[in-house]
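J.: Before anything else, here's the structure in question.
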Amino acid sequence: MRTSTAAAAAVALGLACIGPAQAQETACDALENPVYMHVGSTVLPLLRELGRALRDAPDPITLVFVDGRSCAIMDGITSGTPLAVNLTYVPSTAEDAAWTPDMAPRTCAIPDGGLPVDLAHSDIYPESCGAGLELGDVAVFTGPVLPFVFVVPPASSQVAITAEEAYFVWGFGNAGRVAPWTDEQFLFSRPNTSGTKITFGANIGVPAARWKGQQLAKTGDVINAVSSAVNAEAAIGIVGGANYDANRDALKSLAYQAYGQQAAWYPDSTAGGFDKRNVRDGHYLLWGPSVFLARVDGAGAPTNPRVDRVLRMLQSRAVEPDPGFDPTGIIVDEGFIPDCAMQVARDGQAGDLRLYRPEAPCGCFFEARVGGAPACAACEDDGGCADGERCTLGYCEGGE
Amino acid sequence: MRWLTLLLAAGSFACEGETSVTPDAAAPDMGVAAAECFADPTTHVEIINACTDATSVSKTPVTPLLREDGTLPPLP
């Protein structure tokens, strides 16, 4: 899904997924073992891949989802507001062998009264939406890290942006006088409740409500607006890294120089790479963990066992019974970074970085998955590793 | 001394009128030069400026509204 076109992405992001030609619409609550999800658009590419694998698994689960904006999503699950629009799901191979994850998911119809949200996803923590969100019996779970990127059209000559430039571009608009981004009609962002926008805002020091430029409803709208801008040099937008990875033929990412840095860096170690090395080691600061919310029991465990299973996969934790596929590999393939592959951590949406050592590191697995040459021995179990190391996802990790 | 060098390097681009390179003159560079990076980082500033062989981009932006002392003005 790394080289699809912007048009295909727009379809896959849901812009054209509900068509009148669908004669028979499946009832969402008739799907096999459904988990109803309300999610940010940054996670849609991952859900399409994971959704297919889950539907084809020996113990199938159907992810039934629709995208929204992070703050509204979190408000919805905590307040118990049912989903009131038709949802989407991925067909199993038995249902549609020709379907691929860069195609639009299928739609299903919701019953009168809507459907409850089982699992919500946000790009930001609840506190980033301001005061007033009562979690109640809903708990927050952190998932894989997602980079965010400033993007320009491929025809743009720009290659980097500093935090100071971004402050003036987005906070002052035309008056910021930072060439070539001096025309607000070519500054493309998201609504103020978008987790993507709030994440960028926290990093550059411009609260979401203070941004200049165009507010576009969906990530796919930003991709289309940037890639088709009539003034390529003046155009700039913000997207999630997974969305950028899926549309690299239509967009160019800018290296980003954070406050206090000496140079600008890409999420990857090179402009064309996929290794996310600069995110993992702290050189690239536009990132945050995926945030998931679910109802829990008194011990903090999800009350819905299917939600617990999906969450475990999204957090790269052990899953029993074996799903028959590699969830962490899918996470990596879709541009996310499992927590176990991170070497730095941060508190809050844009807090300072600190060194981080995961309980069960998987950096070598990650590097191998993205085509690198891991500096660890391959293994089948802990017995094949040196003292102090553990066999994690096929590699001896955790040694000094 | 290294800390002072870092602060000067981080802040040097921020002085109005001091820059003469346009933003599109940014050029890819191969990593941070050894004299400007931290080989064994522990703090936030050291981590984000740690030595690496990853591709970096050196940029001297023109930001006319930046204050003379290098600080940002409040948002309008």
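The values are calculated or read from the model by the stated rules, or taken from the named source; none is laboratory data. On a predicted model such as this, the values are computed, not experimentally measured, just so you know. We place every Cβ from the backbone using ideal geometry, glycine too, and count neighbours over all the protein chains shown. Only protein heavy atoms, including side chains, enter the accessible area calculation; ligands, DNA and RNA are left aside. Shrake-Rupley method; radii C 1.70, N 1.55, O 1.52, S 1.80 Å.
J.: Apply the Karplus curve 6.51 cos²θ - 1.76 cosθ + 1.60, θ = phi - 60°, to the phi angles in the stretch B:61-67 and return the couplings in whole Hz, x for Gly and Pro.
T.: Karplus-based 3J(HN,Hα) across the stretch B:61-67 equals x, 9, 10, x, 8, 5, 5 Hz.
J.: Please get the size of the charge dipole for the stretch A:144-287, origin at its Cα centre, with Cβ charges of +1 on Lys and Arg and -1 on Asp and Glu, quoted in debye to the nearest 20.
T.: Rounded to the nearest 20 debye, it is 280 debye.
J.: Each label point is 7 Å from the Cα along the Cα-to-Cβ direction; what then is the distance between the points at A:Arg210 and A:Ala271, in nm?
T.: Once both label points are built, they end up 3.2 nm from each other.
J.: Then there's this: Per 10 Å bin, what percent of the C-alpha pairs of the protein assembly as shown does each bin hold, from zero upward?
T.: The percentages, shortest bin first, are 4, 20, 30, 26, 14, 5, 0, 0.
J.: Around A:Gly143, which amide H atoms from residues at least 5 apart in sequence, or from another chain, sit under 5 Å from its own amide H, with H modelled in the peptide plane?
T.: For A:Gly143, whose amide H was placed from the backbone, the distant partners under 5 Å are A:Ser290, A:Val291, A:Phe292.
J.: While we're looking at this one, here's another question. Suppose every Lys and Arg Cβ carries +1 and every Asp and Glu Cβ carries -1, with no other charges. What dipole size does the protein assembly as shown come out with about its Cα centre, to the nearest 20 debye?
T.: My answer is approximately 1080 debye.
J.: Other chains near A:153-164: what is the mean number of their Cβ atoms within 10 Å of each residue's Cβ?
T.: Counting Cβ atoms of other protein chains within 10 Å of each residue's Cβ and averaging gives 4.
J.: Sticking with this structure for a sec: Taking 0.36 nm per residue of sequence separation and subtracting the Cα-Cα distance, how much length would be gained by fully extending the chain between A:Ala175 and A:Ala27, in nm to one decimal?
T.: Length difference between fully extended and current span is 48.1 nm.
J.: Then there is this: Quick check on packing: order B:36-47, A:323-334 by the mean number of other C-beta atoms within 10 Å, highest mean leading.
T.: A:323-334, B:36-47
J.: Accessible area lost on pairing A with B, both sides, 1.4 Å probe, Å² to nearest 100?
T.: What A and B bury together is about 3400 Å².
J.: Sorted from largest down, what three extents in whole angstroms do the Cα atoms of the stretch A:253-301 have along their principal axes?
T.: Result for the stretch A:253-301: principal-axis Cα extents of 48, 25, 17 Å.
J.: Counting only other chains, what is the mean number of Cβ atoms within 10 angstrom of the Cβ of each residue in peptide A:361-370?
T.: Mean partner-chain Cβ count within 10 Å for A:361-370: 0.
J.: Summarise the accessible area of the stretch A:144-287 (1.4 Å probe, protein heavy atoms) by the percent that is carbon and sulfur.
T.: Using a 1.4 Å probe with all protein chains present, the stretch A:144-287 comes out at 52 percent carbon and sulfur.
J.: Oh, and also: Using the Cβ atoms and a cut-off under 14 Å, what net charge is assigned to the surroundings of A:Gln343, where Lys and Arg are +1 and Asp and Glu are -1?
T.: -2
J.: Something else about it: On alpha carbon coordinates alone, what is the Rg over Rh value for the stretch A:144-287, Rh being the Kirkwood radius?
T.: Dividing the radius of gyration by the Kirkwood radius yields 0.92.
J.: What residues have an amide H closer than 5 Å to that of A:Ala255, excluding those fewer than 5 places away on the same chain, when H is modeled at 1.01 Å from N in the peptide plane?
T.: Here the answer is A:Ala160, A:Ile161, since their amide H atoms fall under 5 Å of that of A:Ala255.
J.: At 0.36 nm per residue, minus the direct Cα-Cα distance, what do A:Ala386 and A:Asn192 gain on full extension? Give it in nm, one decimal, please.
T.: Extending this stretch completely gives an extra 64.8 nm.
J.: Further, regarding this structure: Just to check I understand the Karplus step: with θ = phi - 60° and J = 6.51 cos²θ - 1.76 cosθ + 1.60, what whole-Hz values come out for the stretch A:302-308, glycine and proline as x?
T.: x, 6, 9, x, 5, 5, 4
J.: Filter the cross-link list A:Lys218/A:Lys276; A:Lys252/B:Lys59; A:Lys218/B:Lys59; A:Lys197/B:Lys59 down to pairs whose alpha-carbon distance in this structure exceeds 22 Å.
T.: With Cα atoms farther than 22 Å apart: A:Lys218/A:Lys276; A:Lys218/B:Lys59; A:Lys197/B:Lys59.
J.: On to the next question. With θ taken as phi - 60° and the coefficients 6.51, -1.76 and 1.60, list the Karplus ³J(HN,Hα) couplings across the stretch A:244-257 in order, rounded to whole Hz; mark glycine and proline as x.
T.: 5, 4, 7, 9, 5, 6, 10, 9, 10, 8, 9, 5, 10, 10
J.: What number does the stretch A:359-400 give for Rg over Rh if you use C-alpha atoms and the Kirkwood radius?
T.: That ratio equals 0.93.
J.: Follow-up question, since we're still on this one. Sequence gap at least 6, Cα distance under 8 Å: using those rules, report the relative contact order of chain A to the nearest whole percent.
T.: 18
J.: Counting helices only, and only those DSSP H runs with n ≥ 4, report the 222 nm mean residue ellipticity of chain A as the sum of -39,500 (n - 2.57) divided by its residues, in deg cm²/dmol to the nearest 500.
T.: Counting only the DSSP helices, I get -6500 deg cm²/dmol.
J.: Suppose R0 equals 56 Å; then what is the FRET efficiency for A:Phe325 and B:Leu75 from their Cβ-Cβ distance, rounded to the nearest 0.05?
T.: Rounded to the nearest 0.05, the efficiency is 0.75.
J.: Another question about this same structure. If you count the DSSP beta bridges with both ends in the stretch A:144-287, what percent of them are antiparallel, to the nearest 5?
T.: 55
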